Amino acid sequence: MEKYLDIFVQAYQNYGRYLWQEITFQTRPLWHNYFWMLVLVSGFFLALEWIRPWRKAQPKFRQDFWLDFFYLFFNFFLFSLLIYQASSEVVVNLFNDGIKSLTGFDLQASNPMRKWPIWAILLTGFVVRDFIQWWVHRLLHASAWLWEFHKVHHSVQQMGFAAHMRYHWMENVVYRTLEYVPLALLGIGLHDFFLIHIFTLAWGHYNHANFHVHGRITGGIVFGGALLFVGVSSGYAWWLTVILTLGGAGVGAWLIGPYMKRIFNSPDLHIWHHAYELPADRQRGVNFAITLAIWDYLWKTDYLPHDGRDIKLGFPGVEEYPHDFVGQNLHGIVPEKEE
């Protein structure tokens, strides 16, 4: 027990120190600074929403913008500092030690992925994490108890990039526990986890943004960027890295671009996930994709009847739902008063 208490305390101290170093620009190299990366990515999508809005009648500072802005930092950093980081370290060590004591097999030490190149580890971690998240997302809709927490995210009535991070703190517990433990046991460390998290953060911002583009553009960016990372992380010569990047961008734009919205989630698809009125035969939700849309097409939960730019958002009863941070985060925890 003393061992796990030490892990718990050490995790708090390490993460607190890590966060302070990021805020004060002590992280090197600078692009590893995820606090300011969050600010940069958020500023980028805010600018896109203002320059080329999809829903032109929506105000620049839409309804509940500042509430979602607070959620942005609370769920990305503060919750990790207060609860998640310490508890997850303890859970991972307890799980691994339990398997080791019962079977003599050390899951982490024996993991063959430790010998893989970094790009292969990150790709595997990304796909595994996204698949887990997709099923967790379906669970949040299927379970009446968990749906009460998930209502916070669906209480958005005007969509924008910051709505991505409006969700109940209990979702952090559910998602992070179910996704981080298997990733940690696969050998995906906290540093790698946040590299994956930055990519999915940017894509989540895009899914919720008041902005959308053709699949050729997103295809070129994603596949060009992926091969740029492969070239840099593998130590290839600069000229080979440039060729790979340009080739990846070309293939992504022209060959994969037309199918991007079946491979990756997009504002066009995700807006229907937030629809106030769902199809009669799909009252538990549609388009559960987090980053990859392929899971919805494989399990037949996709739904795109037409351009949903101006559909009504929320859920029946959202008008009476709490509109403040405290009220939303007590929902599902504190019993509601009977009238």
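The values are calculated or read from the model by the stated rules, or taken from the named source; none is laboratory data. Predicted, not measured: the structure shown is a model, and the values here were computed from it. With ideal geometry, Cβ positions are generated from the backbone for all residues, glycine too; neighbour counts draw on all protein chains shown.
Taking residues in the stretch 104-133 that are in a loop (DSSP other than H, G, I, E, B), and partners anywhere that are modelled with pLDDT under 80 and of a type in the set (Gly, Ala, Ser), the pairs with Cβ atoms closer than 8 Å and at least 6 places apart or on different chains are Gln108/Ala184; Gln108/Gly187; Asn111/Gly187; Pro117/Ser233.
Return yes when Lys261 is among the basic types (Lys, Arg), touching a Ser or Thr at 6+ places or on another chain (Cβ under 9 Å) and closer than 21 Å to Ile132 by Cα and no when it is not.
Details: among the basic types (Lys, Arg): yes; touching a Ser or Thr at 6+ places or on another chain (Cβ under 9 Å): yes; closer than 21 Å to Ile132 by Cα: yes.
Yes.
Taking the listed residues Ile271, Ile294, Ile263, the one that is touching a residue at least 60 places away in the same chain (Cβ under 8 Å), within 23 Å of the chain's Cα centre (by Cα) and closer than 30 Å to Glu179 by Cα is Ile271, with no other qualifying.
Regarding Pro258, is this residue of a type outside the set (A, V, I, L, M, F, W, C), in a helix (DSSP H, G or I) and surrounded by fewer than 16 Cβ atoms within 10 Å (Cβ to Cβ)? Answer is yes for this residue.
Inside the stretch 192-220, residues that are more than 18 Å from Asp130 (Cβ to Cβ) and in contact (Cβ under 8 Å) with a residue 12 or more places away in the chain make up a count of 9.
The rows are residues; the columns are (1) modelled with pLDDT under 85; (2) buried (at least 22 other Cβ atoms within 10 Å of the Cβ); (3) not charged (D, E, K, R).
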site	(1), (2), (3)
Ala163	no, yes, yes
Arg176	yes, no, no
Val181	yes, no, yes
Leu185	yes, no, yes
Phe199	no, no, yes
Tyr206	no, yes, yes
Phe211	no, no, yes
His214	no, no, yes
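Kindly indicate whether Val156 is in contact with a Leu (Cβ under 9 Å, 6 or more places away or on another chain), loosely packed, with under 15 Cβ neighbours inside 10 Å, under 25 Å from Leu292 (Cβ atoms) and modelled with pLDDT of 80 or more. Give the derivation first.
Numbers: in contact with a Leu (Cβ under 9 Å, 6 or more places away or on another chain): yes; loosely packed, with under 15 Cβ neighbours inside 10 Å: no; under 25 Å from Leu292 (Cβ atoms): yes; modelled with pLDDT of 80 or more: yes.
Considered against the rule, which asks whether it is in contact with a Leu (Cβ under 9 Å, 6 or more places away or on another chain), loosely packed, with under 15 Cβ neighbours inside 10 Å, under 25 Å from Leu292 (Cβ atoms) and modelled with pLDDT of 80 or more, Val156 comes out as no.
The listed residues are Asp64, Asp6, and the only one of them that is among the charged types (D, E, K, R) and modelled with pLDDT of 75 or more turns out to be Asp64.
Out of the stretch 138-150, which residues are under 22 Å from Asp281 (Cβ atoms) and surrounded by fewer than 21 Cβ atoms within 10 Å (Cβ to Cβ)? Before you say what the answer is, go through the steps one by one.
As a first pass, look at the stretch 138-150 and keep what is under 22 Å from Asp281 (Cβ atoms): 138-144, 146-147, 150.
If the condition is that a residue be under 22 Å from Asp281 (Cβ atoms) and surrounded by fewer than 21 Cβ atoms within 10 Å (Cβ to Cβ), then Arg138, Leu139, His141, Ala142, Ser143, Ala144, Leu146, Trp147 are the ones that fit.
Of the residues making up the stretch 233-250, at least one is in contact (Cβ under 8 Å) with a residue 60 or more places away in the chain and not in a helix (DSSP H, G or I).
Return yes or no: is Leu228 more than 23 Å from Phe161 (Cα to Cα) and either more than 18 Å from the chain's Cα centre (by Cα) or part of a helix (DSSP H, G or I) (or both)? Before you say what the answer is, go through the steps one by one.
On the way: more than 23 Å from Phe161 (Cα to Cα): yes; either more than 18 Å from the chain's Cα centre (by Cα) or part of a helix (DSSP H, G or I) (or both): yes.
Judged against the criteria, Leu228 is a match.
Taking the conditions exactly as written (within 24 Å of the chain's Cα centre (by Cα) and exposed (fewer than 12 other Cβ atoms within 10 Å of the Cβ)), does Val286 satisfy them or not? Can you show your working first?
Working: within 24 Å of the chain's Cα centre (by Cα): yes; exposed (fewer than 12 other Cβ atoms within 10 Å of the Cβ): no.
When the stated conditions are applied, Val286 does not pass them.
Can we say Gly308 is at pLDDT below 95, on the phi > 0 side of the Ramachandran plot and not aliphatic (A, V, I, L, M)? No.
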